[in-house]
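Written out below as structure tokens is the structure these notes cover.
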Amino acid sequence: MTAGSRLLRGARQIAARLPLPRFVRVPDAPTQPVRDPWPGDLNLGARLLKGELEFGGGLLILKPGGWAGLAGSEPLLTCAHGFTWLRHLRALGTDPARLLARALVSDWIAANPSDAFARRPDVAGARITAWLGHYDFFAATADDPFRQRLMARLVADARNLSAALPAEELDARALTALKGLIAAAVALPEHNGFLVRALRFLPREVARQVLPDGCHVERSPAAQLAALQDMTEIRALLQAGQTQPPSILAQTIERMAPALRAMRHGDGGLALFNGAREESASLVDLVLTQAGRGARAPSSLNEGGFQRMQAGRTVVIVDAGPPPPPDIDRTAHAGTLSMEVSVGRDRMIVNVGAFPAGGAQWHDAARATAAHSTLIIGDVNSSELKPGGLGRRPANVMAQRQEANGAHWLEAAHDGWSKSFGAIHRRRLYLSESGEDIRGEDAVEAESPQPFALRFHLHPSVQASLQQDGEAVLMRLRSGGGWILRADGAALSLEESIYLGSGELRKTEQIVLTGREGGPQHVKWAILKVG
């Protein structure tokens, strides 16, 4: 954004924050109803009744009268000020839930929070959409003064949001901001300028957010899901307002749905790459239903950089692409060439996951290379972790695959350690046509030997035990199936690990293959079904 554009936007925002002119009418209620299409969580609603807001593995005390001193991590605060949690109270559907929702909204309006989180365009967009989407639940039966304050704040927030566009956030949050303005335009049609401004930015934002193969530019299954949710909501809002959606919106949704399917395991949840957690399989199903009938999951997302190998009941998903570029890498992990494996509805090999609401130490621990099922050299991350994204990162990531008679071969490599160690990591994978034979080879290509370790993090439901005098590991899945891992070229050990993919910290184990000093710079391994 140029200096002139910033100056102009600043002037618009100042004007938008001035008291509403007399000729600007504040309606008594939304003219057109807006519906929140996503289900709430009864357990999270019950916790809200106790004054506890849970999000991203973190907890925030949220009670009437507490907005002024609210403190917590950025994900928790943005969730609180975005009010998406209203759907959890709506799921309860009780009078105490309704009255609590009304009290928290009323107190927020009275407190008028001025911190950066509350006013950020994506947070304002989420809040506008949530208030309008749950209006019938918490506001329709309220007294006139409350509804008047609510509608006045909705108009004021929409004016501020309109003035703030285009959003400076270049990632999926820009879609949430646009969704909020479109929701306001549909619910308040007398303010026709909202829709004109939103439609000005929507087509180019959609085009910038999604790669040609349907993968979201952040390369995160979580961002993929959230962006597809926002786009399907935007389409529904425009249709409810009798406005023809831009053609690029329908085309992009059609591309995104198969890409999201490629990021799912057999249990219906998401693969754990770049800030993602499992998520509810029923939610993913609902989002795909809202998106409409789409193609099957592709085996390769070439622009997005994900590879999916599936045979029999086995699914192998590999992050075989470069990290997202600067400014859209805030959730990126140092997990290049990491892999996950599921068998039927059982997850076997996983990445640790994400802890978005944890402190900086936890956040970075989950993003580190060692938290992924891949190779690491000298305990140095393959990408440099920074608070807002990544610093040094692989410049070149290569992936080639072949298929024949139902079997799959994948060869991939990256140069994330070229400056640190002058090294290339090369990974070769094979999945048999039955899905019961997974083989791999990981090699470090460097002029001098480098210390390395290869990790296979196990899902907490997997029971692992050393076999054959420590030369192999037997893995028992939740369904009872058995698999054995053997390796050649490294010392094998079974160590402690953690799992964050289900939304809570759970203890688990990891298989670690450690390169021997002066030994070969490659490891061959196999995971075979037994019994």
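The values are calculated or read from the model by the stated rules, or taken from the named source; none is laboratory data. Please read these numbers as outputs of a predicted model, since none were measured by experiment. We place every Cβ from the backbone using ideal geometry, glycine too, and count neighbours over all the protein chains shown.
Every residue, every condition in (1) out of contact with any strand residue (DSSP E or B) (no Cβ under 8 Å at 6 or more places or on another chain); (2) of a type in the set (A, V, I, L, M, F, W, C); (3) at pLDDT below 95, yes or no:
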site: 41; (1), (2), (3): yes, no, no
site: 46; (1), (2), (3): yes, yes, no
site: 55; (1), (2), (3): yes, yes, yes
site: 72; (1), (2), (3): no, no, yes
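Here 91, 97 are screened, and the one residue that is buried (at least 21 other Cβ atoms within 10 Å of the Cβ) and either part of a helix (DSSP H, G or I) or at pLDDT 95 or above (or both) is 97. Looking at this structure, is residue 66 at pLDDT below 95 and either closer than 29 Å to residue 148 by Cα or surrounded by fewer than 21 Cβ atoms within 10 Å (Cβ to Cβ) (or both)? The answer is yes for residue 66. Each residue in the stretch 226-263 was checked for being surrounded by fewer than 23 Cβ atoms within 10 Å (Cβ to Cβ), hydrophobic (A, V, I, L, M, F, W, C) and touching a residue at least 60 places away in the same chain (Cβ under 8 Å), and 2 of them qualify. With 318, 284, 352 as the choices, which residue is closer than 22 Å to residue 434 by Cβ and under 17 Å from the mean Cα position of the chain (by Cα)? Matching residue, one of 318, 284, 352: 318. Checked against (1) touching a helix residue (DSSP H, G or I) at 6+ places or on another chain (Cβ under 9 Å); (2) surrounded by 23 or more Cβ atoms within 10 Å (Cβ to Cβ), residue 320 passes all but a single condition, namely (1). Of all residues in the stretch 372-393, those that are in a loop (DSSP other than H, G, I, E, B) and over 25 Å from residue 445 (Cβ atoms) total 2.
Apart from one condition, residue 190 fits all of (1) of a type outside the set (Val, Ile, Thr); (2) part of a loop (DSSP other than H, G, I, E, B); (3) closer than 30 Å to residue 388 by Cβ; (4) more than 21 Å from the chain's Cα centre (by Cα); the exception is (3). The set of residues in the stretch 204-222 being polar (S, T, N, Q) and buried (at least 24 other Cβ atoms within 10 Å of the Cβ) consists of 220 alone. So residue 468 ticks every box in (1) more than 23 Å from residue 408 (Cβ to Cβ); (2) under 31 Å from the mean Cα position of the chain (by Cα) but one. Which box is left unticked? Answer for residue 468: the failing condition is (2).
Tell me, yes or no, whether the stretch 170-181 has at least one residue that is surrounded by 20 or more Cβ atoms within 10 Å (Cβ to Cβ), over 24 Å from the mean Cα position of the chain (by Cα) and not in a loop (DSSP other than H, G, I, E, B). Within the stretch 170-181 (the criterion being surrounded by 20 or more Cβ atoms within 10 Å (Cβ to Cβ), over 24 Å from the mean Cα position of the chain (by Cα) and not in a loop (DSSP other than H, G, I, E, B)), the answer is no, since none of the residues qualifies. Can you say whether residue 500 is in contact with a helix residue (DSSP H, G or I) (Cβ under 7 Å, 6 or more places away or on another chain) and hydrophobic (A, V, I, L, M, F, W, C), as far as the supplied structure shows? Yes.
Restricted to the stretch 388-422, and to residues there that are more than 29 Å from residue 315 (Cα to Cα) and without any contact (Cβ under 8 Å) to a residue 40 or more places away in the chain, the residue that is surrounded by the fewest Cβ atoms within 10 Å (Cβ to Cβ) is 419. Which ones in the stretch 124-152 are surrounded by fewer than 21 Cβ atoms within 10 Å (Cβ to Cβ) and of a type in the set (Val, Ile, Thr)? Residue satisfying the conditions is 141 alone.
All of 474, 528 fail the test of being surrounded by fewer than 16 Cβ atoms within 10 Å (Cβ to Cβ), in contact (Cβ under 8 Å) with a residue 40 or more places away in the chain, not in a loop (DSSP other than H, G, I, E, B) and not basic (Lys, Arg), apart from 528. Based on what the data block shows, is residue 164 within 24 Å of the chain's Cα centre (by Cα) and hydrophobic (A, V, I, L, M, F, W, C)? In short, no.
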